[in-house]
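The values are calculated or read from the model by the stated rules, or taken from the named source; none is laboratory data. Predicted, not measured: the structure shown is a model, and the values here were computed from it. Because the Cβ atoms are built from the backbone with ideal geometry, glycine has one as well, and the counts that use them run over all protein chains shown. With ligands, DNA and RNA removed, areas are computed over all heavy atoms of the protein, side chains included. Shrake-Rupley method; radii C 1.70, N 1.55, O 1.52, S 1.80 Å.
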Amino acid sequence: MFNQYTKVLEDLKSNSHFRNVRNFEKKDEKFIYFNGEKLINLSSNNYLGFADNQKITEEFLNTVNNSYSFGSASARLLTGTLPVYNELENTICELFGTQKTLIFNSGYHANVGVCSCIAGNGDVIFSDKLNHASIIDGMKLSSGKFFRYPHKNTDALEKLLIRERKNFKNAIIVSETVFSMDGDIADIKRLVELKEKYNCILILDEAHAFGVFGPKGIGVTETLGITDKVDLIIGTFGKSIGSMGAFATGNKILIEYLTNRARSFIFSTALPPINIAFSKWIIENKLPYTYEKRQKMLKLGEKAGSESHIIPIIIGTNKDTVDTCDILFKNGYFTLPIRPPTVPEGTSRLRLSLTTEIDEKELMHAISLAKQKKQ
Ligand SMILES: Cc1ncc(COP(=O)(O)O)c(C=O)c1O
């Protein structure tokens, strides 16, 4: 009965595709402890160091003084909404200057929920080819049609819009801003132009940019001064905020529609109140004081040849990529091999991600080690 699964697992192993869960001993700030070694963590989304930070955790717990429970025991639409959920949604609205916000249990839930219901029968979604798996999964669940345009190629997107827009009722364009695996940035201004020209809804996933880009930490749309031109922005609390959960924020009608139609929102227990309170506390009390550190981190990313704090080092084959991680490990750096299907075949890579704690010497040393193996 299990033969077919065993065969898949054997194939994965022989192609260096096999994944397993690693058990870490401990994480604190920029370090991760694995197999008895203390390593600099270059594979973290803890961009601002708010997760795994004992001082921050203690300060938060002292501030909230046992006011929040560790379980909500209900979905939001049943008995799962206490004041702190609405307070966090209002905090996001104030930060972004948006009409309404809806919290989801994770970025994955948010994208699957949004992309599965935003396009109905007779509607269409245009999605960047390298958009995150959660966007793709959402589109696959949608009863609308979807097209994937070549990565960041807005000319190709316009050609598609010219050919296809007239065949559908509603049209949606969806893109990440900072791409999770390549660290490059979509041409958001052009996406806004195309959305306006072809009467589309624009959805941007700022998962990796929220908390990092822009004076207030809103994301790339803030840097460009066009937050108000986007119909729906998705962000996660699981990366730079160091917490858990996510949000969709923007147009009031769309948010009310999601509240009524996004199944990943409706049919899941709400996050624990303590977790919602932590996200709110970080956004209100810590994020406003991070601008200089964030700018420094982005400058370092730029020095390493990236448009952001995410630096891809493309190696090629799975085996070479895994071997490169081993070399870095032996030199005190923790990195992970990123392989298909997360990235296209033949582009297996290291995805180095910066945090505000990692300095130039450490980053450049890690990069030079990775490149030695490549040559
Ligand atoms: C672009 C993008 N969107 C959404 C997500 C999912 O967010 P979360 O980890 O909160 O589920 C990720 C996470 O890797 C991501 O990279």
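General observations
- Search result, residues across the stretch 199-214 that are more than 13 Å from the ligand (Cβ to nearest atom) and touching a residue at least 40 places away in the same chain (Cβ under 8 Å): C200, I201, F213
- Number of residues in the stretch 122-162 that are among the basic types (K, R) and within 24 Å of R263 (Cα to Cα): the value is 3.
- Residue that is nearest to the chain's Cα centre (by Cα) [pool: residues in the stretch 94-105 that are open to solvent by 20 Å² or more (accessible area, probe 1.4 Å) and in contact (Cβ under 8 Å) with a residue 60 or more places away in the chain]: N105
- Number of positions in the stretch 174-192 that are within 12 Å of the ligand (Cβ to nearest atom) and part of a loop (DSSP other than H, G, I, E, B): 7
For (1) in contact with a strand residue (DSSP E or B) (Cβ under 9 Å, 6 or more places away or on another chain); (2) surrounded by 22 or more Cβ atoms within 10 Å (Cβ to Cβ), each residue gets a yes or a no:
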position: F237; (1), (2): yes, yes
position: G242; (1), (2): no, yes
position: A248; (1), (2): yes, yes
position: Y257; (1), (2): no, no
position: T269; (1), (2): yes, no
position: F278; (1), (2): no, yes
position: K286; (1), (2): no, no
position: T317; (1), (2): yes, no
position: T324; (1), (2): yes, yes
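- Residue tally, condition part of a loop (DSSP other than H, G, I, E, B), touching a residue at least 12 places away in the same chain (Cβ under 8 Å) and either open to solvent by 80 Å² or more (accessible area, probe 1.4 Å) or polar (S, T, N, Q) (or both), over the stretch 1-56: 8
- Residues satisfying the stated conditions in the stretch 236-264, i.e. free of Cβ contacts under 8 Å to residues at least 40 places away in the same chain and not hydrophobic (A, V, I, L, M, F, W, C): N260
- Flag for L88 being touching a strand residue (DSSP E or B) at 6+ places or on another chain (Cβ under 7 Å), outside the structural domain of R263 (by TED's automatic domain parsing) and buried (at least 18 other Cβ atoms within 10 Å of the Cβ): no
- Matching residues, the stretch 119-135, being away from the ligand (no atom under 11 Å from the Cβ) and crowded, with 18+ Cβ neighbours inside 10 Å: A119, D123, V124, I125, F126, S127
- The number of residues in the stretch 175-195 being basic (K, R) and touching a Ser or Thr at 6+ places or on another chain (Cβ under 6 Å) comes to 1.
- Residue in the stretch 57-80 that is surrounded by the most Cβ atoms within 10 Å (Cβ to Cβ), counting only those that are touching a residue at least 24 places away in the same chain (Cβ under 8 Å) and either farther than 10 Å from T269 by Cα or among the charged types (D, E, K, R) (or both): R76
- Top-ranked residue of the stretch 329-341 - restricted to ones that are among the hydrophobic types (A, V, I, L, M, F, W, C) and within 28 Å of N131 (Cβ to Cβ), ranked as most open to solvent (accessible area, probe 1.4 Å): L336
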